[in-house]
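Readers should treat all values here as calculations from the given coordinates under stated rules, not as data from a laboratory. Worth saying up front: this structure is predicted, and the values here are computed from it rather than measured. In this analysis, Cβ positions are derived from the backbone assuming ideal geometry, glycine residues included, and neighbour counts consider all displayed protein chains.
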Amino acid sequence: MVAGAGVSAESGLGTFRDKNGSGIWARFDPMKPATPEAFPRDPVEVHAFYNARRRNLITAAPNAAHFALVRLETALAKRRDELTLVTQNIDDLHERAGSRQVMHMHGELLKASCVACETIQPWREDLGLRDRCPACGGIGVLRPRVVWFGEMPLAMDEIYAALRKADLFVAIGTSGSVYPAAGFVSEARVLGIRTREINLEPSDNANQFDHRCYGPASEAVPAWVDEVLAST
Ligand code: BV8
C-alpha cells in the first residue's frame, strides 16, 4: 500500500496540489523549497517552510483513515498476513495512530540529518542555521530528514521486495504525480497484482487501477477496511 498527502489532509496537514490550500500552502509553492538546490541557495526559506509544517504537525492528530489502517494491520497480522504500509508523507500520524510498520520513502519531518557527519537525530523543534549537530558539533549543518526532488527515495529495495510478494496493491490519497511512487501501480500490474485506488478524486494514473473508490479518506478508508475484513 502507498499513502499520499490526502491521507493526512483531514488532519489539517495540507496537500501539495490542492492549490486552494490555506496557511502554509498559500505561502509556499512546495515544489520550490523541496529541492537540494534550494537549501544552499536559501536555507532560511527552506527551514521556514519545514518549521511551519513541523509546528503544524506537532498540533495535528491522526484521523479515521490512519486508525482504520491500524485496524487492518492488526487484523491481517492475526491471520498471519501482512500490511506493508509505504507512505510518501513525512508526518508521523500513522505511528501516532498505532501503525507498527511504516516505511517513509520520502523521509520524516520530525528528524534532522547532518550534512557534515550524516547522522540522523529526532527533531521536534524549529530547525535553523544556529542549531548544532548533537553528533559532530557542527553549526548550521542540519537539514530536515526529507527526500527532496532529485534525491533518491528511501527503502526502495524493501518496497520493491514487498511489492513482488503482494497480492493487492492499494494507493490512498495520492495524486499519482510524483515518481517513483507513482510508478508502483504499473509495477504491480506487470506482476499481475490486483490494484485499487482510494482517493478524493481520480488521480493522474487512475486508469491503471482495477478498482477505484472516491471520497474523503476518513470515510473511504474505514469503509474499504471493513469490506476487506468482512470478505476474508
Ligand atoms: C528520484 C518530501 C531519482 C519533501 C517529496 C520518473 C522516474 C523517477 C523520477 C522522476 C520521474 N519523472 C520525474 C521524476 C523526478 C521527480 C518527480 O517525480 N517529479 C514530478 C514532479 C514529476 N521525482 C523525484 O525527484 C524523486 N527522486 O526520482 O530520484 C534518483 C535516482 C538515482 C539517484 C538519485 C536520484 C523524489 C521525489 C520525492 C520528493 N519529495 N516529499 C516534502 O514533503 O517537502 S514529494 C512530495 O510531493 C510528497 O512527499 C508527495 O510524495 C508528493 C505529493 O504527492 P501526493 O502525496 O500525491 O500529494 P498531492 O497533493 O499531489 O495529492 C494529494 C491527493 O490527495 C490528491 O489526489 C487529492 O485529490 C487527494 N486528497 C485531498 N484531500 C483528500 C484526498 N484524498 C482523500 N481524502 C482527502 N480528504
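Restricting the stretch 159-176 to residues that are among the aliphatic types (A, V, I, L, M) and within 13 Å of ASP210 (Cβ to Cβ), the residue that is surrounded by the fewest Cβ atoms within 10 Å (Cβ to Cβ) is LEU168. Residues in the stretch 124-149 that are in contact with a Leu (Cβ under 7 Å, 6 or more places away or on another chain), closer than 19 Å to PHE49 by Cβ and more than 15 Å from the ligand (Cβ to nearest atom): ARG124, ASP131, GLY140, LEU142. Here GLY137 passes the criteria (1) more than 19 Å from the chain's Cα centre (by Cα); (2) at negative phi except the one numbered (2). Within the stretch 70-109, the residues that satisfy the criterion of being among the aliphatic types (A, V, I, L, M) and out of contact with any helix residue (DSSP H, G or I) (no Cβ under 7 Å at 6 or more places or on another chain) are LEU76, ALA77, ILE90.
A Cβ distance below 6 Å, combined with a sequence gap of six or more or placement on separate chains, defines the contacts here; from the stretch 59-80, residues that are in contact (Cβ under 8 Å) with a residue 24 or more places away in the chain and farther than 15 Å from SER218 by Cα reach residues that are of a type outside the set (D, E, K, R) and in a helix (DSSP H, G or I) in the pairs ALA75/LEU229.
I'm trying to understand the selection: among the residues of the stretch 182-209, which are out of contact with any Ser or Thr (no Cβ under 6 Å at 6 or more places or on another chain) and more than 15 Å from the ligand (Cβ to nearest atom)? The answer is ARG189, VAL190, LEU191, GLY192, ILE193, ARG194, THR195.
If the condition is being buried (at least 22 other Cβ atoms within 10 Å of the Cβ) and not in a helix (DSSP H, G or I), then the stretch 41-62 contributes only PRO62.
Among the residues making up the stretch 45-94, those that are on the phi < 0 side of the Ramachandran plot and among the charged types (D, E, K, R) are GLU45, ARG53, ARG54, ARG55, ARG71, GLU73, LYS78, ARG79, ASP81, GLU82, ASP91, ASP92.
As a summary of the residue check, PRO33 satisfies the conditions (1) within 12 Å of the ligand (Cβ to nearest atom); (2) surrounded by fewer than 17 Cβ atoms within 10 Å (Cβ to Cβ) except for the one numbered (2).
Among SER11, SER99, SER113, which is small (Gly, Ala, Ser), in contact with a strand residue (DSSP E or B) (Cβ under 7 Å, 6 or more places away or on another chain), closer than 29 Å to ALA162 by Cα and surrounded by 21 or more Cβ atoms within 10 Å (Cβ to Cβ)?
Just one listed residue meets the conditions, SER99.
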